[in-house]
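Reading through the structure tokens given below for one structure.
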Amino acid sequence: MQDISRDLLMQASKGDMQAFEEIYRLASSFVYSVALRIISNADEAKEVTQDVFIKIYNNLRRFRFRSSFKTWVYRITANTALNALKKNSKEMSRRAADYDVALKAKDDRATTTQAIEMDDNKKLLSSLLDMLNPDQRACIVLREIEGLDYKEISRALGININTVRSRLKRAREALLAHGKRGDRP
Amino acid sequence: MNCKKVKELLMTDYVDGELRPDIRSKIKEHLAGCSDCRTLEEALQRKAVEPFRNAQKVQAPDIVWEGIKDAIAVPERAPVFIIRRPAFSLAAVAALIFLTIIFARPFFISHGPVTEYVQEQAEFFAYLDTGANGFVNGEDEGIGTAIEEYFL
Ligand SMILES: [Zn+2]
């Protein structure tokens with residue numbers, strides 16, 4: 001996520017809509033991407049994104065700059081997206097069946113066009129994330145897609161660093177175990 | 001360093017770049033001489049790390065901002081009247097009387113646009129009350145339990 005200046009936050013907290021729109025412009029792609037990867041559903045990701053920014057707007061006056069604004073946004077985003085996912089339990093029981101197809105598609109992509117390649121990447125990504133439970137998924141998304149380090153993930157999710165580490169380990173074990181089926185003889 | 005420890009670190013700190021340089025070099029040394037651990041490292045990169053590196057940032061559709069604007073356009077608090085000069089006090093009193101009449105109407109007319117408006121507002125505030133601070137805890141490790149520290 002891009003840096004957001006203290007001045008901009010101060011202005012927005014006084015009700016300056018232009019300033020708030022600028023904050024939205026700087027942070028919305030992070031919020032929407034994370035929500036989309038965690039929930040795997042565009043409509044719900046839109047709802048989560050709206051929800052996150054309404055929460056930010058309503059609480060901006062109470063934000064006292066003791067922590068970084070980024071961390072605060074990471075945290076609200078992760079919480080809101082995870083709650084939406086956990087509510088939607090059917091998302092959690094997705095089968096691993098798509099995985100082989102998607103992994104094969106990735107291997108074959110050298111022969112495909114750019115557009116199909118993009119599509120395969122998207123499919124592969126969501127089938128990989130579907131292997132994981134919501135908590136592992138959130139860790140992987142923040143780590144691999146958003147590039148947060150362990151400390152940032154631990155703050156975003158309100159868990160300690162060792163829990164971050166063990167969730168990433170379990171997530172990768174799951175990815176490796178399922179990946180074995182994708183190997184050719 | 002033994003294989004068990006190396007594998008443990010490969011799965012986490014090594015691929016995530018969280019290791020101290022000296023420990024990282026020790027692992028690299030081990031990988032150079034241990035095909036078992038090297039196989040794990042290759043599989044890990046191919047199946048659990050590289051696929052995510054292609055992920056792209058997605059822009060939120062315009063409709064999202066429209067929805068946010070609509071939701072926050074509703075004033076959060078009742079307007080406060082500040083009377084700075086006596087000349088304005090008459091206007092303020094007139095405005096108060098006018099508003100009193102407007103807001104008293106629902107008590108006399110049961111179904112009018114004003115009633116609906118007031119009801120909508122009440123529902124909206126009820127929604128805000130539950131939604132605005134909806135940091136529901138996760139079932140383990142208490143996700144969000146320390147959120148207050150950001151608000152104080
Ligand atoms: Zn070894």
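The values are calculated or read from the model by the stated rules, or taken from the named source; none is laboratory data. Remember, it's a predicted structure, so these values are computed and weren't measured experimentally. Heads up, the Cβs are rebuilt from the backbone with ideal geometry, glycines too, and the neighbour counts pull from every protein chain shown. Remember, those area values only see protein heavy atoms, side chains included, never the ligands or the DNA or RNA. Shrake-Rupley method; radii C 1.70, N 1.55, O 1.52, S 1.80 Å.
Coupling constants for the stretch A:44-61 follow from the phi torsions by the Karplus curve (6.51 cos²θ - 1.76 cosθ + 1.60, θ = phi - 60°), and in residue order they are 5, 5, 4, 4, 4, 4, 4, 4, 4, 6, 5, 4, 4, 4, 5, 10, 4, 5 Hz; glycine and proline get x. Can you give the accessible area of A:Lys86 in Å² (nearest 10), computed on protein heavy atoms with a 1.4 Å probe? Only protein atoms counted, so the area is about 60 Å².
If R0 is 45 Å, the Cβ-Cβ spacing of B:Lys5 and A:Glu21 corresponds to a FRET efficiency of close to 0.35. Measuring with a 1.4 angstrom probe and ignoring ligands and nucleic acids, A:His178 comes out at about 50 Å² accessible. Structure note, pairs A:Lys122/B:Lys4; B:Lys5/B:Lys57; A:Lys123/B:Lys7; A:Lys55/B:Lys47; A:Lys70/B:Lys5: Cα-Cα distances above 31 angstrom occur for A:Lys122/B:Lys4; B:Lys5/B:Lys57; A:Lys55/B:Lys47; A:Lys70/B:Lys5.
Which chymotrypsin sites (Phe, Trp or Tyr not before Pro) does the stretch A:13-83 hold that lie in a coil by DSSP with at most 15 other beta carbons within 10 Å? When the chymotrypsin sites (Phe, Trp or Tyr not before Pro) of the stretch A:13-83 are filtered for loop state and at most 15 Cβ neighbours within 10 Å, A:Phe65 remain. The modelled label-to-label distance between A:Ile161 and B:Arg46, using points 7 Å beyond Cα along the C-beta direction, is 3.3 nm.
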